[in-house]
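K.L.:
The structure is given below, and queries will be raised subsequently.
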Amino acid sequence: MERDGPGDRRGPVEPPVTAPVLDPYRLIEENLRRAMEFYGRSREGAEIRRLEGLEIVCSGTNMAMFNAALLTEPLEGNDRDLDRRISTAAVHFGELGVRWSWWLCEDMLSRGLRRSAPDIFARRGMRRVVTVPGMVAECLRVPVHALPAIECRRVQDTATRQAFGYITAISFGLSYDAASGLYEPEGVWQGDFAGFVGYANGEPVCTAGTVRSQDVIGFYSIGTLPHMRRRGYAEALMRRAFDIARGDTDIHRAVLQSTAAGEHLYGQMGFRQVTRFSIYVSP
């Protein structure tokens, strides 16, 4: 367990000067695929499949957002090439009888395919439900405001798994049964996804998840209980989780996909948008 003191304002060590990273969107989309694989280990019936240019993750549930298809390489072809990949995923999830979603990093498509993608998905009966920015921070900025004391516990026992599931359910509008099925099995936490719960005065109040890949740390599942929001707990936990995820490495870069509610905070922390993700959902 680790604790930040009130007003902790330690800033990150400035990263060494290195050659610029090409295609930062690739760092974000690869990290997202690693994070989504968490749900491919969530329960009986969950699976991860890698096909030609495509990764399919099934959570073993009927929740579309946790049954995902993602491109694994840029697509420069014509409409038929994208349609063929959508069809492959549709057949797979159709055989399982579950709803599913496609998480599309728009920069993975050529300019022409980007324009036609909504129509291609629509012809397959899929609708775009949200578009969110993919963001990167070369290093986390020093906090703008003093941060509250937070006790950071890594998810590694029954109590922290239950707390992570409960706060995630409240934060993202899931049923508790659904969240517990995804986050409480011990085996799902053996992969790349690390979960953290922030405690204030001994009570769990917020969550954060991290995935380390290439030279970045990705943030996921950032949530705070409603009555504890706008107090700095999420940011305090993210900073502690980031330090833990880094370990003894020289990683300074962080990535995430932002919600509208979080975009202002992430901008203050040093994140900037470099790409967009459109999420399409099956009927």
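The values are calculated or read from the model by the stated rules, or taken from the named source; none is laboratory data. Computed from a prediction, not measured in an experiment: that's the story for all the values here. Backbone-built Cβ (ideal geometry, glycine too); neighbour counts: all protein chains shown.
K.L.:
Name the one entry in 123, 141, 114, 127 that is among the basic types (Lys, Arg) and surrounded by 15 or more Cβ atoms within 10 Å (Cβ to Cβ). Break it down into steps so the answer makes sense when it comes.
P.N.:
Details: 123 fails: surrounded by 15 or more Cβ atoms within 10 Å (Cβ to Cβ); 141 fails: surrounded by 15 or more Cβ atoms within 10 Å (Cβ to Cβ); 127 fails: surrounded by 15 or more Cβ atoms within 10 Å (Cβ to Cβ).
Exactly one of 123, 141, 114, 127 is among the basic types (Lys, Arg) and surrounded by 15 or more Cβ atoms within 10 Å (Cβ to Cβ), namely 114.
K.L.:
Next up: Scan segment 90-108 for residues that are surrounded by 18 or more Cβ atoms within 10 Å (Cβ to Cβ) and either touching a helix residue (DSSP H, G or I) at 6+ places or on another chain (Cβ under 6 Å) or among the polar types (S, T, N, Q) (or both) and jot them down.
P.N.:
100, 101, 105, 107
K.L.:
Are any residues in segment 138-177 part of a helix (DSSP H, G or I), out of contact with any Lys or Arg (no Cβ under 9 Å at 6 or more places or on another chain) and among the hydrophobic types (A, V, I, L, M, F, W, C), and if so, which ones? Walk me through how you get there before you give the answer.
P.N.:
From segment 138-177, those part of a helix (DSSP H, G or I) are 158-172, 176-177; that's our starting set.
Right, trim to out of contact with any Lys or Arg (no Cβ under 9 Å at 6 or more places or on another chain) and you get 158, 161-162, 164-172, 176-177.
Hits for segment 138-177 are 164, 167, 169, 170, 172.
K.L.:
Filter segment 225-258 for residues that are of a type in the set (Ser, Thr, Tyr) and buried (at least 16 other Cβ atoms within 10 Å of the Cβ); which is nearest to residue 207 (Cα to Cα)? Reasoning before the result, please.
P.N.:
Filtering segment 225-258 for residues of a type in the set (Ser, Thr, Tyr) gives 233, 249, 258.
Narrowing further to those that are buried (at least 16 other Cβ atoms within 10 Å of the Cβ): 233, 258.
Working: 233: 9, 258: 15 Å.
The extreme case among them is 233.
K.L.:
For the condition out of contact with any strand residue (DSSP E or B) (no Cβ under 7 Å at 6 or more places or on another chain) and modelled with pLDDT under 95, what is the one hit in 97, 77, 125, 165? If you could, list the steps in order and put the result at the bottom.
P.N.:
Numbers: 97 fails: modelled with pLDDT under 95; 125 fails: modelled with pLDDT under 95; 165 fails: modelled with pLDDT under 95.
Of the residues listed, the single one that is out of contact with any strand residue (DSSP E or B) (no Cβ under 7 Å at 6 or more places or on another chain) and modelled with pLDDT under 95 is 77.
K.L.:
Further, regarding this structure: Taking the stated definitions as given, is residue 199 assigned by TED's automatic domain parsing to the domain that holds residue 254, free of Cβ contacts under 8 Å to residues at least 12 places away in the same chain and among the hydroxyl-bearing types (Ser, Thr, Tyr)? Let's see the steps before the verdict.
P.N.:
Values: assigned by TED's automatic domain parsing to the domain that holds residue 254: yes; free of Cβ contacts under 8 Å to residues at least 12 places away in the same chain: no; among the hydroxyl-bearing types (Ser, Thr, Tyr): yes.
In short, no.
K.L.:
Right, something else. Return a yes/no flag: does segment 251-263 have any residue that is touching a strand residue (DSSP E or B) at 6+ places or on another chain (Cβ under 6 Å), within 24 Å of residue 39 (Cα to Cα), part of a strand (DSSP E or B) and of a type in the set (Val, Ile, Thr).
P.N.:
Yes, segment 251-263 contains at least one residue that is touching a strand residue (DSSP E or B) at 6+ places or on another chain (Cβ under 6 Å), within 24 Å of residue 39 (Cα to Cα), part of a strand (DSSP E or B) and of a type in the set (Val, Ile, Thr).
K.L.:
A follow-up question, please. Scan segment 224-248 residue by residue and report those that are more than 22 Å from residue 132 (Cα to Cα) and either in contact with a Cys (Cβ under 6 Å, 6 or more places away or on another chain) or without any contact (Cβ under 8 Å) to a residue 12 or more places away in the chain (or both).
P.N.:
227, 233, 237, 240, 243, 247, 248 - these are the residues of segment 224-248 that are more than 22 Å from residue 132 (Cα to Cα) and either in contact with a Cys (Cβ under 6 Å, 6 or more places away or on another chain) or without any contact (Cβ under 8 Å) to a residue 12 or more places away in the chain (or both).
K.L.:
Does residue 262 satisfy the condition of being of a type outside the set (A, V, I, L, M, F, W, C), crowded, with 18+ Cβ neighbours inside 10 Å and either at pLDDT below 95 or more than 23 Å from residue 132 (Cα to Cα) (or both)?
P.N.:
Working: of a type outside the set (A, V, I, L, M, F, W, C): yes; crowded, with 18+ Cβ neighbours inside 10 Å: yes; either at pLDDT below 95 or more than 23 Å from residue 132 (Cα to Cα) (or both): yes.
Judged against the criteria, residue 262 is a match.
K.L.:
Every residue in segment 178-191 that is of a type outside the set (Gly, Ala, Ser) and part of a helix (DSSP H, G or I), please. Spell out how you get there, then give the answer.
P.N.:
Keep residues of segment 178-191 that are of a type outside the set (Gly, Ala, Ser), which gives 182-186, 188-190.
Hits for segment 178-191 are 182, 183, 186, 188, 189, 190.
K.L.:
Here is a follow-up. So residue 82 passes all but one of these: (1) more than 21 Å from residue 57 (Cβ to Cβ); (2) outside the structural domain of residue 257 (by TED's automatic domain parsing); (3) buried (at least 19 other Cβ atoms within 10 Å of the Cβ). Which condition number does it fail?
P.N.:
Condition not satisfied by residue 82: (1).
K.L.:
Do we find that residue 156 is among the polar types (S, T, N, Q), surrounded by fewer than 18 Cβ atoms within 10 Å (Cβ to Cβ) and closer than 30 Å to residue 25 by Cα in this structure?
P.N.:
So residue 156 fails the test.
K.L.:
For the structure I just gave you, tell me whether residue 281 is among the hydrophobic types (A, V, I, L, M, F, W, C) and in the same structural domain as residue 192 (by TED's automatic domain parsing). First the steps, then the outcome.
P.N.:
On the way: among the hydrophobic types (A, V, I, L, M, F, W, C): yes; in the same structural domain as residue 192 (by TED's automatic domain parsing): no.
The answer is no for residue 281.
K.L.:
Select from segment 34-65 the residues that are charged (D, E, K, R) and farther than 18 Å from residue 255 by Cβ and write down the one among them that is surrounded by the most Cβ atoms within 10 Å (Cβ to Cβ). So that I can check it myself, show each step before the final result.
P.N.:
Filtering segment 34-65 for residues charged (D, E, K, R) gives 34, 37, 41, 43-44, 47, 49-50, 52, 55.
After this cut, where a residue has to be farther than 18 Å from residue 255 by Cβ as well, the list is 41, 43-44, 47, 49-50, 52.
Values: 41: 19, 43: 15, 44: 6, 47: 13, 49: 14, 50: 11, 52: 9.
So, considering only residues that are charged (D, E, K, R) and farther than 18 Å from residue 255 by Cβ, the one surrounded by the most Cβ atoms within 10 Å (Cβ to Cβ) is 41.
K.L.:
Here is a list: 41, 85. Which entry is touching a helix residue (DSSP H, G or I) at 6+ places or on another chain (Cβ under 6 Å) and basic (Lys, Arg)? Don't jump to the end; show me each part of the working.
P.N.:
Numbers: 85 fails: touching a helix residue (DSSP H, G or I) at 6+ places or on another chain (Cβ under 6 Å).
Only one candidate passes the filter, namely 41.
K.L.:
Assess whether residue 68 counts as being surrounded by 15 or more Cβ atoms within 10 Å (Cβ to Cβ) and either closer than 27 Å to residue 176 by Cα or assigned by TED's automatic domain parsing to the domain that holds residue 251 (or both).
P.N.:
Yes; evaluated as a whole, the condition is true for this residue.
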